Amino acid sequence: MYEATVIGSILRDHLVAGALHPGAEVKIRIDQTLCQDATGTMAFLELEALGVDRVRTELSVQYIDHNTSQFGPENHNDHLYLESVSAAKGVWLSRAGNGICHQVHLERFGAPGRTLLGSDSHTPTNGGLGMVAIGAGGLDVAIAMAGGPFKLACPRIIGVRLTGCLRPWVAAKDVILHLLSILTTKGNAGCAIEYFGPGVATLSVPERATIANMGAELGVTTSVFPSDEVTRDFLRAQRRARAWRPLAAGPNASYERVIDIALDEVRALAACPSSPDHVRPVAELADTAVGQVIIGSCTNSSYKDLRLAAEVLSGRQVHPGVSLAVAPGSRQVLGMLAADGSLARLIAAGARILESACGPCIGQGLSPADDCVTVRTFNRNFAGRTGTRNDRCYLVSVETALAAALTGRLVDPASLGIPYPQVQRPRLFKVDDRMLVAPPADGRGVAIVRKATIGEPPTSPPFPADLNGEVLVVLGDKITTDHIMPAGALLKYRSNIPVYARSVFNGLNEPGRPTFAERAAAVRDAGRHGVIVAGESYGQGSSREHAAICPMFLGVRAVLACSFERIHTANLVNFGILPLRFCDPADRPRLEPGDHLELSGVAAQLDSPGPVKLTVRKAGGETLAILCRHDLSSEDRETVLAGGRLNLMRRQL
């Protein structure tokens, strides 16, 4: 029975429209929202464009955790805007230095049984508390803040039964890497993961959060754990016991598929370059020399993670050939490490202490040298994400990262011969919320600060009656939003679309030849419509809606792919770009840049139950007939034809 699952019961309690049948379109009420500064500026500009005076959720929080290095004025300009608009609209603000959004939300705001929508793909971290927490584009989050429901496909639920207990030197990170080796990063759109079984009780809330966090790499809608006595103890230690409620699957709970994982059989694993599902046992990688190790990110920077690091490194020195950096996930974690002496032990061992922020996880500093293996406790190792082209990035547990830091090689941490430290959860966490700013009761008198680098959310004209397209690029499988819109140092341009759009597909540009942006703009200015062609799983990774906004700004009106990922599909629709799937994947390699593509009678074809028919005219005069399909609801079709959701909502208003 669907509603007997934890996910089904929460969706039932929040259902606004539709029926809870897997695959059916539903709308749910959102209790809480979360934004971070790299996506929040655009989300709030969109909220303003909707004419909303005050948010209508139970709780909305704006975090400053991504663009904290502030090279040049752009990031601080964004932060001043976010500080003022949060106060004006009734949103809590987590100031720079307070920590990574997912970690802080887990500590201070997350609550079992609630729904959370965040403009960051790793929002499902809070599924470790028993929340239905979902990543989405900024416009979807803005609409939720405005009181609107969130639309999604009712997820097919995959159950993961956990039994046994993790062995020493094996961690929760190894559990999710093991699951990634089974399900991979593609083919899971429209699914959700629910964990159950006796092994759940052996995992702490931070360990559950690590597993739920990397469900984003599976491509699932969300990952959820039950809420039990372990959850209650965590919330009590955070002095939030009143937020607890029990949640467990009923005896009639049914899952589309059940995967059994015996925790005591899981081994130390690593995701090898350059995909989170390229998983191998660490013991098979023992000949790999390591030059850099970074411990942190929203996946592995809890107090337990870093206290473990301090215990292992105590009285020892980092290998002379390794640069070790440690980033606490929150100010709370950093303060507790300082108070109990752990911070001093990390420093004495040779670790560099980074700010409590996303930092190198999004390419903001600490890029590895050329041909240098970097070992990280992060959640993504897409090619070039570190800021170094042709990087060699491995994703591992804290335990495995420590073994690499001490030996200078990738080795199974159990081979170190060190007694495994038993780190107990503190009875009470150090709670200091002075860097969480509550909004005033009435924000009408707040002046919103807009510096020169803060732009407006761009919109496109209505979709043309007939598409006169030109293929701009033909891509392969697993194209991520990092490929489309690089992060790192370029993140500071997120509020300035004309500037940021120059970086679309930056990694594909060749010296001395026109960039993708230049070619797309030339096609747009010639009165034609840009078309992107790709393979399987287009739009993996981040929720960044800029991967739709910037191509839209450059005149892209359609993407033809073999399959799409959930969040990116929604973002394409929100900004008036038509996502079409090849009926026959063999048609993709038949297309080339420069091919002219015609789609006549767009509205009628989208409403027709049959395939969408496209005509391709090649440079040599050959004509091809290509058939595609779409998965758009009637509301989605109306949104695309209107040129995007902002256009549609303004028209409705």
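For the stretch 407-463 and the stretch 29-58, compute the distance between their C-alpha centroids and round to whole Å.
Comparing the Cα centres of the stretch 407-463 and the stretch 29-58, I get a distance of 17 Å.
Counting other beta carbons within 10 Å of each residue's own, what order do C165, C101 fall into, fewest first? Walk me through the intermediate numbers first.
On the way: C165 14, C101 32.
Ranking C165, C101 by Cβ neighbours within 10 Å, fewest first, gives C165, C101.
Where does each of C35, C393 land when they are ranked from fewest to most other beta-carbon atoms within 10 angstrom? Write out the running numbers ahead of the final one.
Numbers: C35 30, C393 25.
Least to most surrounded, the residues fall as C393, C35.
Using +1 at the C-beta of Lys and Arg and -1 at the C-beta of Asp and Glu, which of N496, V396, V446 has the Cα lying farthest in the positive direction of the dipole of the chain?
Positive-most Cα among the choices belongs to V446.
Equivalent ellipsoid semi-axes for the stretch 269-416, as square roots of 5 times the alpha carbon gyration tensor eigenvalues: give them largest first, rounded to whole Å. Write out the running numbers ahead of the final one.
Details: eigenvalues 100, 58, 34 Å².
Over the Cα atoms of the stretch 269-416, the ellipsoid semi-axes are 22, 17, 13 Å.
Taking the Cα centre of the chain as the origin, how large is its charge dipole in debye, to the nearest 20, when only Lys and Arg (+1) and Asp and Glu (-1) carry charge on their Cβ atoms?
On the way: 66 positive and 64 negative charges, 216 e Å.
Once rounded to the nearest 20, the dipole reads 1040 debye.
Give me K89, K27 sorted ascending by neighbouring Cβ count inside 10 Å, so fewest comes first. Don't skip to the end; give the middle numbers.
Numbers: K89 22, K27 16.
Ranking K89, K27 by Cβ neighbours within 10 Å, fewest first, gives K27, K89.
Could you give me the ³J(HN,Hα) list for the stretch 419-434, computed from phi with Karplus coefficients 6.51, -1.76, 1.60 and θ = phi - 60°, whole Hz, x at Gly and Pro?
Calculated HN-Hα couplings, in order: x, 6, x, 9, 9, 8, 5, x, 4, 9, 7, 6, 9, 9, 9, 5 Hz.
Counting only helical runs of four or more DSSP H residues, what would the 222 nm mean residue ellipticity of the chain come to if each run contributes -39,500 (n - 2.57) and the total is spread over all its residues?
Only helices count here, giving -8000 deg cm²/dmol.
Rounded, prolate or oblate, given the Cα gyration tensor of the stretch 421-504, with a/c below 1.5 counting as rounded?
It is oblate, given that a/c is not under 1.5 and a/b is not larger than b/c.
Over all pairs of distinct alpha carbons, what does the Kirkwood formula give as the hydrodynamic radius of the stretch 467-652, in Å?
On the way: mean 1/r = 0.0605 Å⁻¹.
Kirkwood hydrodynamic radius for the stretch 467-652: 16.5 Å.
How long are the three semi-axes of the equivalent ellipsoid of the chain, in whole Å, if each is the root of 5 times an eigenvalue of the C-alpha gyration tensor, listed from largest down?
Details: eigenvalues 290, 151, 129 Å².
Here the semi-axes work out to 38, 27, 25 Å.
For the stretch 515-554 and the stretch 170-195, write down the distance between their C-alpha centroids in whole Å.
Each part's Cα centre sits 30 Å from the other's.
Using alpha carbon centroids, what distance separates the stretch 318-367 and the stretch 375-394, in Å?
Answer, in whole Å: 18.
In square nanometres, what is one fourth of the surface area of the convex hull spanned by the alpha carbons of the stretch 2-265? Present the calculation step by step, with values, prior to reporting the outcome.
Details: hull surface 56.6 nm².
Taking a quarter of the hull surface, the average projection is 14.1 nm².
Checking the table K173/K478; K27/K304; K151/K451; K89/K478; K186/K492 against a 32 Å threshold on Cα-Cα, which pairs fail? Working shown, then result.
Values: K173/K478 22 Å; K27/K304 37 Å; K151/K451 34 Å; K89/K478 38 Å; K186/K492 30 Å.
Over 32 Å apart, Cα to Cα: K27/K304; K151/K451; K89/K478.
Placing unit charges on C-beta atoms (Lys and Arg positive, Asp and Glu negative, everything else neutral), compute the dipole magnitude of the stretch 467-652 about its Cα centre in debye, rounded to 20. All intermediate terms of the calculation are to be shown ahead of the outcome.
On the way: 22 positive and 20 negative charges, 95 e Å.
So the magnitude is around 460 debye.
Can you compute the charge dipole magnitude of the stretch 390-492 about its Cα centre, using +1 on each Lys and Arg Cβ and -1 on each Asp and Glu Cβ, nothing else charged? Give it in debye, rounded to the nearest 20. Walk me through the numbers on the way to the answer.
On the way: 11 positive and 11 negative charges, 128 e Å.
Its charge dipole is roughly 620 debye.
Among F150, L597, G341, whose Cα lies farthest out toward the positive end of the dipole of the chain, if unit charges sit on the beta carbon of Lys, Arg (+1) and Asp, Glu (-1)?
Value: G341.
Taken together, the values in this text are just the output of simple stated rules run on the coordinates, not laboratory data. This is a predicted model, so every value here is computed, not measured. A quick note on method: Cβ atoms are made from the backbone with ideal geometry, for glycine too, and the neighbour counts reach across all protein chains shown.
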